[in-house]
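These notes are about the structure you will find just below.
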Amino acid sequence: MAFGSHDTRLERHPDHDDAPPLEGEAGAVAPAPDPADEAPALDTRQMDLNLGPSHPAMHGTVRMVLKLEGETVVHSDVQIGYLHRGFEKESENVGWTQVFPYTDRLNYVSPLLNNIGYAMAVEKMLGVTIPERAQWIRVLVGELSRITDHLTCIGASAMELGGFSAFLYFLRAREELYKVIETCTGARLTQAYVRIGGLVNDLPAGFAEHTERALVETERLMADVDRMLTRNRIFYDRMRGIGTVGRAEAVTNGWTGPCGRASGVDYDVRRDHPYYVYPALDWDVVIGSAGDNYERYLVRMEELVQSMRIVRQCFAKMPAGPVTVNDPKVALPPKVEVYNTIEAMVNHFELVFAGIQVPAGEVYSYTEAANGELGFFLVSDGSGRPWKCRVRPPCIPLMGTVGRMVQGGMLADIVPTFGSVNMIGGECDR
């Protein structure tokens, strides 16, 4: 045959006149199928896969035992407890005030909110009302801490899907806010700024101006990340419709916080069980409906805006006054008095060595932390240390649902789903 012709039949060689006719020609017989050409049956079975605990996407503290059919997750067993520090038992072996470094590390991304929740529980047992200015400052620094938590969650979730620029932008914003917090608390990450009965110290000079500059920079970077992610086709397709949890399931499993609100659960402790000065502030509770990974991203983005509204109102409305109670049985005396009067020195000595004498009884107190309702159940036997300290962290109900959320999805969808619930290992310490 000539190249370029449309006749694709092979030409016979003139010496092969006795060759059998080609298929399709007169007299041609269809060849019998060769058994060797039939594809053998494949031996297929489910694959067992350990994802974590030593895996970057699992944040080093969670193990998922997966059963896969191809890349589809058939079953998932989520196992927590790989970061075990014994927070509750440690708290029962130190004084009431000495628990604060442990609460810092429950959620090491927003430690001030943990400080506030624990302090409020002890103060309820004592029957102590902290000064009004201390209430305003607690709300202010708590909302700053909430912003840093949301920035970390959104940035890390974007990075795990390949959006590394968004991660760097939000870490830059978080760093600006960490600098602000450090000027007030003296520490960058684990601040231990709150005390039973008030605060360690008042806000430093120029704190409002420094905070405003950081908020303006955060808003600028938020606008950039919004343009990068919100309408990004890849980000949208990887997040929308993935890890969906409906309102009924969220309520049944005890979901609160941004994840619960993204599923349509209209609940926020700051509004429904108000504490401190939240009733005097103008802000909105952000409620979603879809309950998927994308909706959780949108809720956190809008909650950043609401928290910044609260911070600015705190600066505008905050009165002057003391930041700790004037009660020698609860608060340490000023250092100047300790160094110059015997009464203050003895008072300081007793509070440090014997601890605050909390009346016998029990209390459950709860606040709105960055990931949802954070509760402390405390029992006192009248001594200077907790007889029982139990924490209700918001991450435990979320992690109890993750196995169902990833089941039936793709292996690659585990990463954005796990990132969207913002699991904090310190909170899952059981």
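The values are calculated or read from the model by the stated rules, or taken from the named source; none is laboratory data. This is a predicted model, so every value here is computed, not measured. Every residue, glycine among them, receives a Cβ derived from its backbone with ideal geometry; neighbour counts consider all protein chains shown.
At-a-glance table
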quantity	calculated
Positions within segment 317-335 being at pLDDT 90 or above and either at positive phi or assigned to a helix (DSSP H, G or I) (or both), in sequence order	K317, G321
Search result, residues across segment 226-262 that are under 23 Å from Y366 (Cα atoms), crowded, with 23+ Cβ neighbours inside 10 Å and not aromatic (F, W, Y)	A250, T256, G257, P258, C259, G260, R261, A262
Segment 300-313 residues that are over 20 Å from N422 (Cβ atoms), paired with ones that are crowded, with 22+ Cβ neighbours inside 10 Å and among the hydroxyl-bearing types (S, T, Y) (beta carbon under 7 Å, 6 or more apart)	V311/T211
Residue check for V194: closer than 16 Å to V325 by Cα, touching a Lys or Arg at 6+ places or on another chain (Cβ under 9 Å) and not aromatic (F, W, Y)	yes
Test set (1) buried (at least 22 other Cβ atoms within 10 Å of the Cβ); (2) assigned to a helix (DSSP H, G or I); (3) touching a strand residue (DSSP E or B) at 6+ places or on another chain (Cβ under 6 Å) - I130 fails condition number	(2)
Residue count, segment 342-362 (criterion: in a helix (DSSP H, G or I), of a type outside the set (A, V, I, L, M) and exposed (fewer than 13 other Cβ atoms within 10 Å of the Cβ))	3
Of residues in segment 37-72 being of a type in the set (D, E, K, R) and in a strand (DSSP E or B), the one surrounded by the most Cβ atoms within 10 Å (Cβ to Cβ)	R63
Unmet criterion (only one of (1) within 30 Å of C389 (Cα to Cα); (2) touching a residue at least 40 places away in the same chain (Cβ under 8 Å)) for P319	(1)
The lone exception for Y339 - which of (1) assigned to a loop (DSSP other than H, G, I, E, B); (2) farther than 30 Å from R390 by Cα it fails	(1)
Which numbered condition R146 fails, given (1) free of Cβ contacts under 8 Å to residues at least 60 places away in the same chain; (2) part of a helix (DSSP H, G or I); (3) charged (D, E, K, R)	(1)
Test: residue in segment 187-199 that is touching a strand residue (DSSP E or B) at 6+ places or on another chain (Cβ under 7 Å), among the aliphatic types (A, V, I, L, M) and not in a loop (DSSP other than H, G, I, E, B)	yes
Residue tally, condition surrounded by fewer than 20 Cβ atoms within 10 Å (Cβ to Cβ) and on the phi > 0 side of the Ramachandran plot, over segment 365-401	1
V379 being touching a helix residue (DSSP H, G or I) at 6+ places or on another chain (Cβ under 6 Å), of a type outside the set (G, A, S) and either part of a helix (DSSP H, G or I) or within 30 Å of V346 (Cβ to Cβ) (or both)	no
Boolean, L203 is assigned to a loop (DSSP other than H, G, I, E, B), touching a residue at least 60 places away in the same chain (Cβ under 8 Å), in contact with a helix residue (DSSP H, G or I) (Cβ under 7 Å, 6 or more places away or on another chain) and closer than 24 Å to A57 by Cα	no
Residue tally, condition loosely packed, with under 14 Cβ neighbours inside 10 Å and either free of Cβ contacts under 8 Å to residues at least 12 places away in the same chain or not in a loop (DSSP other than H, G, I, E, B) (or both), over segment 73-100	3
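Every residue, every condition in (1) of a type outside the set (A, V, I, L, M); (2) modelled with pLDDT under 95; (3) farther than 18 Å from R296 by Cα, yes or no:
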{"site": "E350", "(1), (2), (3)": "yes, yes, yes"}
{"site": "F353", "(1), (2), (3)": "yes, yes, yes"}
{"site": "V363", "(1), (2), (3)": "no, no, yes"}
{"site": "Y366", "(1), (2), (3)": "yes, no, yes"}
{"site": "G382", "(1), (2), (3)": "yes, yes, yes"}
{"site": "R385", "(1), (2), (3)": "yes, yes, yes"}
{"site": "P397", "(1), (2), (3)": "yes, yes, no"}
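Here is a yes/no grid of residues against (1) of a type in the set (F, W, Y); (2) under 22 Å from S110 (Cβ atoms):
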site: A166; (1), (2): no, yes
site: R174; (1), (2): no, yes
site: Y178; (1), (2): yes, yes
site: I196; (1), (2): no, yes
site: A205; (1), (2): no, no
site: T211; (1), (2): no, yes
site: A214; (1), (2): no, yes
site: I234; (1), (2): no, no
site: R238; (1), (2): no, no
